[in-house]
Amino acid sequence: MAELKVGTLIIGAGQAGARAAFALREKGYSDSVCIIGEEALPPYERPPLSKAVLRDEKGLSDILVRDLPAYDSHNIQLMLGSRVEKILPEAQKVQLGDGLMIGYDKLILATGGRPRQLPDKVMPGVHYLRSHGDAIQLSAELKQYKKLAVIGGGFIGLEVAASARQMGLEVCVIEAAPRVLQRSLPEKIAADVVALHEAKGVTFHCSARIHGFVGDDRLSGIQLEDQLIDADVAVVGIGLIPNTELAEVAGLAVDNGICTDAQGRTGNPNIYAVGDCANSYHSYYQRSIRMESWQNANLQGEAVAAAICGESTDNSAVPWLWSDQYDWSFQVAGMFDSQAQLISRGSAEEGKLIYFIHSDGVLTGVVGWGKGTSIAKDVRVGQMLLQQGKNPPFEMLADENVSLKKLLKL
Amino acid sequence: MTNWVLACDTAEIDEEDLIRFDHEDKTYAIYNTDNGFFATAGYCTHEVQHLEDGLVIGNVIECPLHQGRFEISSGKALSAPVCEDLVTFPVKVEGDQVYIQIV
């Protein structure tokens, strides 16, 4: 049986895997590095899939994590279109679908996740959105059909809803919870988001229970408990299931993701896990968290590279994510509970609204919502306030005449 | 041929901040830092995003889109996702006016 040996083997050609590979080189790692990916495409960024790619404004080459020559110049091998069948941790080898065995000194699991699925059998017209291929197929249908139902009112669903409205479709959002973004944001802010979408013509059905897809050869509607939604395309965005099967079979601890310490180490000293598939100890929150974000993929990629290179880092960055909907952008720093208190600065009417979020009198998060990138600076300063453990007086946070940057020096 | 172009008054840029300057068909970012005024190309090298809403911290500009960081004085890319440096331009201050040198 054919056999190869590499220094660091990365399973998963997404953001986290690619970032880990390049971070290794940036830190002077000189052994061989190989990324194995099931898709035939080089690593690409996923945030544009529900936005610019769907609207045909960006092609694959525009969203690559790094262009192909960079892999050559950094001596990073890409094995694309290859599936790993199993990990043999005792032998420090993995077996591919074609039987090839690859030995490793260090193994990084960057296996990502797959969309959580509805129990109904999928029919033509019903889509899930995770890969570039998914986005291309959905984009083609959004150009051909007229009525889109988005199932799931999370960030991805709302981004798809915005893109589809921009493409001229009728759009409704169907959400099982009483409101959208229930797990992510306080109610007031979610209401602002809904108001923007409604002003653009999106309709919402919350607390909605789906009884099934309707249609013969392809989707014609979605049956709710109390009504039939007319739809010729549907996108289901109801969450992500981490891909942990390889880790489980290899005997690694799994609990809503592959369990790791703050540097991405699993219980096996030679195996690490990063990105959407990893449930990692977070030094800032002092508990394990599985995060599905672009920032987290990058930071964890860098953290495992540091660990492999013998450097000491900790995973203490305050979580940060963004979402672009219409010509508005939305940035969130920190984590918070739904009962948190909100202190606002600016207004949506002025195109720039910042919410500082307090839980039990402590600053726990910052959310900005505004046109273009107008809120980026304030959210970033808010993220730094959180990172530094600052807790400025409410009245200063609310006063637009007080420079946020100066609050960093209090 | 090089060309000094009036970009702005010194007072137009807050301390430790930047503004956008458009000239002919190009756009620039002009910075006011503790170490003086600087100028770079306006767009982040990662995506087509102007840096004007970015955060200046000392000699570093962070892109407002993905928090990629550049050293202002040299244009050097400091952190992912940016990996390509920013082009920089010479700056001179005469009186209360900032000029940048454009090739």
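The values are calculated or read from the model by the stated rules, or taken from the named source; none is laboratory data. These figures come from a predicted structure and were not determined experimentally. We place every Cβ from the backbone using ideal geometry, glycine too, and count neighbours over all the protein chains shown. Calculation scope for accessible area: heavy atoms of the full protein, side chains included, ligands and nucleic acids excluded. Shrake-Rupley method; radii C 1.70, N 1.55, O 1.52, S 1.80 Å.
Taking segment A:368-407 as the range and being within 9 Å of chain B (Cβ to nearest Cβ) and assigned to a loop (DSSP other than H, G, I, E, B) as the test, the residues that pass are A:Gly372, A:Thr373, A:Ser374, A:Ile375, A:Ser403.
Collect the residues in segment A:278-312 that are polar (S, T, N, Q), part of a loop (DSSP other than H, G, I, E, B) and surrounded by 17 or more Cβ atoms within 10 Å (Cβ to Cβ), keeping them in residue-number order. Within segment A:278-312, A:Ser293 is the sole residue that qualifies. The residues on offer are B:Thr10, B:Thr88, and the sole one that is open to solvent by 20 Å² or more (accessible area, probe 1.4 Å), over 11 Å from the mean Cα position of the chain (by Cα), β-branched (Val, Ile, Thr) and away from chain A (no Cβ under 13 Å) is B:Thr10. Condition first: open to solvent by less than 10 Å² (accessible area, probe 1.4 Å), outside any strand (DSSP E or B) and within 24 Å of A:Gln300 (Cβ to Cβ). Can you find one or more residues in segment A:89-98 that meet it? No, there is no match, as no residue in segment A:89-98 is open to solvent by less than 10 Å² (accessible area, probe 1.4 Å), outside any strand (DSSP E or B) and within 24 Å of A:Gln300 (Cβ to Cβ). Answer yes or no as to whether A:Leu4 is modelled with pLDDT of 95 or more and either under 22 Å from A:Leu129 (Cα atoms) or not in a loop (DSSP other than H, G, I, E, B) (or both). Answer is no for this residue. Sub-6 Å Cβ pairs linking a first residue in segment A:269-297 that is in contact (Cβ under 8 Å) with a residue 24 or more places away in the chain to a second residue that is of a type in the set (Phe, Trp, Tyr), at least 6 apart or interchain, are A:Ser288/A:Tyr281; A:Gln295/A:Trp320, ordered by first then second residue. Within this structure, A:Met101 fails the test of being open to solvent by 40 Å² or more (accessible area, probe 1.4 Å) and more than 20 Å from A:Leu224 (Cβ to Cβ). Of everything in segment B:56-85, what is more than 11 Å from chain A (Cβ to nearest Cβ) and farther than 21 Å from A:Trp294 by Cβ? Give them in sequence order. Listed by number, the residues that qualify are B:Gly58, B:Asn59, B:Glu71, B:Ile72, B:Ser73, B:Ser74, B:Gly75, B:Lys76, B:Asp85. Whether any residue in segment A:30-45 is away from chain B (no Cβ under 14 Å), hydroxyl-bearing (Ser, Thr, Tyr) and open to solvent by less than 80 Å² (accessible area, probe 1.4 Å) is what I want to check. Scanning segment A:30-45, I find at least one residue that is away from chain B (no Cβ under 14 Å), hydroxyl-bearing (Ser, Thr, Tyr) and open to solvent by less than 80 Å² (accessible area, probe 1.4 Å), so the answer is yes.
A count restricted to segment A:69-121 and to residues that are touching a residue at least 24 places away in the same chain (Cβ under 8 Å) and either β-branched (Val, Ile, Thr) or within 14 Å of another protein chain (Cβ to nearest Cβ) (or both) stands at 10.
Could you check, for segment A:5-15, whether at least one of its residues is closer than 30 Å to A:Tyr145 by Cα, open to solvent by less than 20 Å² (accessible area, probe 1.4 Å) and more than 14 Å from chain B (Cβ to nearest Cβ)? No, segment A:5-15 contains no residue that is closer than 30 Å to A:Tyr145 by Cα, open to solvent by less than 20 Å² (accessible area, probe 1.4 Å) and more than 14 Å from chain B (Cβ to nearest Cβ).
Starting from residues that are touching a Lys or Arg at 6+ places or on another chain (Cβ under 9 Å), more than 9 Å from chain A (Cβ to nearest Cβ) and of a type outside the set (Phe, Trp, Tyr), keep the ones in segment B:33-55 and report whichever is surrounded by the most Cβ atoms within 10 Å (Cβ to Cβ). Filtering segment B:33-55 for residues that are touching a Lys or Arg at 6+ places or on another chain (Cβ under 9 Å), more than 9 Å from chain A (Cβ to nearest Cβ) and of a type outside the set (Phe, Trp, Tyr), the one surrounded by the most Cβ atoms within 10 Å (Cβ to Cβ) comes out as B:Leu51. Considering only segment A:206-229, I want to know if a residue exists there that is under 30 Å from A:Gly310 (Cβ atoms) and surrounded by 20 or more Cβ atoms within 10 Å (Cβ to Cβ). No, the conditions are met nowhere in segment A:206-229. The condition of being under 17 Å from A:Val235 (Cα atoms), among the small types (Gly, Ala, Ser) and touching a strand residue (DSSP E or B) at 6+ places or on another chain (Cβ under 8 Å) holds for A:Gly152.
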